[in-house]
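Here is the structure we will look at.
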Amino acid sequence: MNNNGFQRRSVYEKGNGARRSVTRRGPSLRADALKTLTRSWLQRMLSIRRLGKYNNIRRISAVKILGMIAAVGCISFFILWITLPNINDPQTLFAAQSTVIYDRNGVELYRLFSEQDRTYVPLDRIADSVEKATVAIEDERFFERGCFDTIGFTRAVLSQIFPRVFVRSGGSTLTQQFAKNALVGNKRTLTRKVRELLLACKLEHRYDKLHLLELYLNWIPYGKNAYGIEQASKNYFGKSADTLTIAEGAILGALAQRPSYLNPYGPNVRTSLSQKSVNDITAGRIQTAADIPDREVRIGLLGQTFGSGAQSIYVGGRTDQVLKNMLDQKMITNSQYEQALIDARTIVFSPVRDTIRAPHFVLWIEQQVQALFGLTDEEITQAGLQITTTLDWNLQKKAEMIVADHKQDLLKRFSAYNAALLSVFVDTREVAAYVGNTDYNDTMHEGKIDMVRAPRQPGSSFKPFVYAAAFEKGYGPGSVVYDVETKFGENRPQNYGGDFWGLMTMRSALAGSRNIPAIKAFFLAGGEETVLSMANKLGVVTPTTKRTIERKKNPEYEYGYPLAIGSAETPLSEMVTAYSVFAGNGMKMPLTTLLKVTDRYGNILPLPEKAKPEGVLDPRVAAEITSVLSDASVRPNDYWKSILSVPGMSTAAKTGTSNKCLEYDK
């Protein structure tokens, strides 16, 4: 504005587009200014209304998005919930358990398992020390908190953010750990974590704390294929879980966190230090364990003393921490704590027994149980069966020693590497000892072949069946027979020594194992059919079965007189069954190997009804055969009288020899 009250400004006017100056007086300027202000206000109002409408649209969109997210969340939650394992079904909670085979007195012979060796035991068969140690180190508020440990979770978060201030720890409860390991899986995803928490809450609602602790202790791995507290106790201490001491319980409680790393048979069984720290302790530069930098310490399962004399420092392991937690939480007294520390420092772990006892017998038992209950190879290893057999481990050890003692003699005299022994209780026909071969692990000489059940020529041990058939025809031990060179068809068989003893009784002929009299008894009895029939009645069925098979290829096939001297291949198990008939006064029963089978819950499973004794041989004939075989006076010479006799006992015995060497068809 100038001195005359005029304002000069530049404007654009339409026309030729030229820019020019227009001079206006005061009143006209005020009117234009008012119009300009009004127009500006209207534009602002319109702009504000448009912005408000846009904000409303944004608010509506945000609500929709949040609603969609909530809907997706609810659907996801519902899906996660309905797909959780059914915890009302015990089958989903109890892990696959190892099948265990025992002798008749409860001695463990073998454990069958696939990947997890586990034996489930109830909480009342688990020592209190294990329960307390586990709770003390893994979940100290286990009995007070709900399904989510707020304090533990907060501490775990802070320990990750401020590791120098807070001791690093996990936030999972025992129930969450069980849910993760047993039912959900270990995959590190958000979905898995949510499922773990949901399932933990579901478990906490369904079961009481003691039941949950029982499930946890029976599930978790303890290393060396040992799953659950019972198997861990046996693997590391050679005892059941109900007999563990406070120190042993603390060790297993410590082991559960990192079973592979803290393995008692591994390199981290004891805490170790860097060589620098060891030197500093020896030189006196480090006076207490607290002075050792964390980076110089490798914590083990147990502690260890470094240095010597006055310059020595004990550096604890994870077990020491478990015991300290138990003391702080008033689970043990000061005196118990001190004693447990001493016990832990001097603990000796029992070596793990990976060997199999009575291997051939055990494998036969496995086959029998699979056939009885229709189990596959995988199913039997996870069924959790407790199989009690008839075997007596004390007798088995003696039987194995006997076979081992004759190993070198057999090799020297016959170039034979294989031998077997089968012993039964005559009254029940229960298998007492079963040695399938000289050495199960001798792969070069077919040590894994079960010679008890593998058919072999019985040689002269078959002769009692021939004489039994003849005795049933009216002959007896006093009947005479000539041991002279005799032609049978085109052949002239010989006795073992190549000599002939002339006229003799059948008692002397059988006791002396003469071939010519045995062949004559074969014909006197009625020949092949009669002798095979007698063998079948006694339990020797393989020769007849083989003849039936051979006759499908050759209808004229027969053994002929060589059957009398043991040419028909027969398993030792069948020979023992037949000889048991002689010892049992003519009564036959099948060999028995199983006493009891229980499932993982302790239920007794039905076994085939035990066969009743069947009279298959005239008791008089059985007594006559036994009399001949136990008559030391008619045995050929002092050697046989000595070798076949047991001082102070009456022993009925018969030897059998074959020079036919077979490669067993596996």
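Structure above, values below:
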| item | result |
| --- | --- |
| Charge dipole (the stretch 252-363, unit charges on Cβ, about Cα centre) - positive-most of ASN263, PHE306, GLN287 | ASN263 |
| Protection proxy ranking, peptides 570-576, 246-252, average beta carbon neighbours within 10 Å, highest first | 246-252, 570-576 |
| Accessible area of VAL484 in the full protein assembly, 1.4 Å probe (Å², nearest 10) | 60 |
| Candidate aspartates and glutamates for bridging to LYS520, where Cα separation is under 14 Å - those fewer than 8 sequence places away on the same chain excluded | ASP483, GLU485, GLU528 |
| List ASP208, ASP124, ordered by accessible area with a 1.4 Å probe, largest first | ASP124, ASP208 |
| Solvent exposure of the stretch 401-455 as accessible area per residue, Å², 1.4 Å probe | 55 |
| Computed over the stretch 206-255, Kirkwood Rh from alpha-carbon pairs, angstrom | 11.2 |
| Cross-link partners of LYS202 among aspartates and glutamates (Cα-Cα below 16 Å; sequence separation of 8 or more within a chain) | ASP89, ASP149 |
| Surface accessible to a 1.4 Å probe, SER461 within the full protein complex, Å² | 20 |
| Rounded accessible area per residue of the stretch 526-666, 1.4 Å, Å² | 55 |
| Net charge, ALA509 excluded, C-beta distance under 14 Å - Lys, Arg +1, Asp, Glu -1 | +2 |
| Surface share of carbon and sulfur [accessible, 1.4 angstrom probe, percent] for the stretch 364-411 | 54 |
| Rounded accessible area of LYS448 (nearest 10 Å², 1.4 Å probe) | 100 |
| Low-density loop positions, chymotrypsin sites (Phe, Trp or Tyr not before Pro), the stretch 578-615 - DSSP coil, at most 12 other Cβ in 10 Å | TYR601 |
| Among ILE565, TYR601, VAL541 the positive-end extreme of the charge dipole of the stretch 540-666 (Cβ point charges) | TYR601 |
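The values are calculated or read from the model by the stated rules, or taken from the named source; none is laboratory data. Note that this is a predicted model, so its numbers are computed, not measured. Virtual Cβ from ideal backbone geometry, glycine too; neighbours counted across all protein chains shown. Just the protein is used for accessible areas: all its heavy atoms, side chains included, with ligands, DNA and RNA removed. Shrake-Rupley method; radii C 1.70, N 1.55, O 1.52, S 1.80 Å.
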